[in-house]
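Below is one structure; the comments refer to it alone.
Please treat every number below as a calculation from the coordinates, not as lab data. This one's a predicted model, so the numbers in the text were calculated from it and none came from an experiment. Because the Cβ atoms are built from the backbone with ideal geometry, glycine has one as well, and the counts that use them run over all protein chains shown.
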Amino acid sequence: MTKLITPERIFLSRRDFLKISGTALAALLLNTSCGDGTVNYDLLTDEFGDSVTSREQIQSYGNYYEFSRSHTEMGELSKGLDTSSWQLEVGGLVKNPRTYSLADLEDFRLKEYIYRMRCLEAWSLVVPWWGFPLAKLIEAAEPSAEAKFVRFEGMYAPKQFPAQDESRYQEWLQSGFRGQIEGLGNMAPADAPYKWPYVEALRLDEAMHPLTLLATGAYKKPLPSANGAPLRLIVPWKYGFKSIKAVTKIDLVAEQPETFWNRATPEEFGFYGNVNPDVPHPRWNQAIELRLENENNGTAIATLPFNGYARDVAHLYKGMDLEKNY
Ligand SMILES: Nc1nc2c(c(=O)[nH]1)N[C@H]1C(S)=C(S)[C@@H](COP(=O)(O)O)O[C@H]1N2
Ligand SMILES: [Mo]
């Protein structure tokens, strides 16, 4: 284990750093007094023996650009998210297009899956998601032979998501992306303006891999708004940006789709986004990471190829130049 001397300089503003320390303490006090007979997630680990991050912590620090570019502000702003009119549309190159309600998804036999997630910004978490393999939904849709990619679209709700409000967004663009929103002073502007909704995509074989999930919950509770309620994608061997929150539409398509980050800043966000300590990022060290619970003591751990899941997924990329296809 290496120790970072100034971890906050890598990706945290000083103010974010102090906030998360307070949150971690609050989470600790909460967990020790929990006596409702449910699973004690403090004692649970993932398949590699790493502790599960607390439910409080995953909600109070993250990325949700529809709400804010601040890691901590998005936690507060997302609390009132109204998803009552949410539904999931599955279509494109399939025999059985279908619209699902949240209740319809219960048919896919939901289970707990404990996976790690690592953001490109070198912070990471371990979460007991509640969900099902995406493969089951794709099989039910029956893709046609021309389908080669799966495209995911996030929720479009400009009345609820400040960043999707065109007038506020224009004001922000004109400021050069800087200084207007808390915690953003150290972030470079994107090359192209953001285009909403958030879009992500996978190759069909990646989407069919058993590690790829659709999650409706975490810690055996409904998914917190901050973490993508009511439904999000989880691709544990890829950087966090691939795991799109608040998915509303899934389409099977023939061509590699344009994605939100790859379009905005292509040299920083490749299409693949596989976790890879050997391929450096222009702004963040990809060889090490800090678990959210270690942000107050600065203890970093080594980042593993494919986020630890190489044994399961490396074969998907045989013969590919992973430096080019980052
Ligand atoms: N719709 C949407 N999904 C998103 C994002 C986002 O801004 N909007 N951020 C991504 C990034 S960069 C990361 S690291 C993860 C963070 O997930 P978490 O906040 O649950 O830890 O969500 C991803 N999914
Ligand atoms: Mo991220």
> Hey, fewest Cβ within 10 Å first, where do THR248, THR72 land in order?
Replying inline: THR248, THR72
> Between LEU44 and TYR156, what is the label-to-label distance in nm when each label sits 7 Å out along the Cα-to-Cβ direction?
Replying inline: 3.6 nm
> Name the residues of the stretch 149-164 whose amide N is less than 13 Å from a point 7 angstrom out from the Cα of SER85 along the C-beta direction?
Replying inline: 156-161
>> If I take every Cα pair under 8 Å that is 6 or more residues apart in the stretch 222-272, average their sequence separation and divide by the length, what percent do I get for the relative contact order?
In response: 25 percent
>> Using a Cα-Cα cut-off of under 13 Å, which aspartates and glutamates could be cross-linked to LYS195, ignoring same-chain neighbours fewer than 8 residues away?
In response: GLU66, GLU153, ASP165, GLU166, GLU258
> Can you sort TYR64, TYR219, TYR326 by how many other beta carbons sit within 10 Å, fewest first?
Replying inline: TYR326, TYR219, TYR64
>> Run the reach check for LYS111 against lysines, Cα to Cα strictly under 30 Å, same-chain hits fewer than 8 apart removed. What comes back?
In response: LYS79, LYS95, LYS136, LYS148, LYS220, LYS221, LYS238, LYS242, LYS245, LYS249
> With each pseudo-label sitting 7 Å past Cα toward Cβ, what's the GLU76-ASP165 distance in nm, one decimal?
Replying inline: 1.5 nm
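Could you tell me the calculated FRET efficiency between ALA192 and ALA287, based on Cβ-Cβ distance and R0 = 30 angstrom, to the nearest 0.05?
E between ALA192 and ALA287, to the nearest 0.05, is 0.55.
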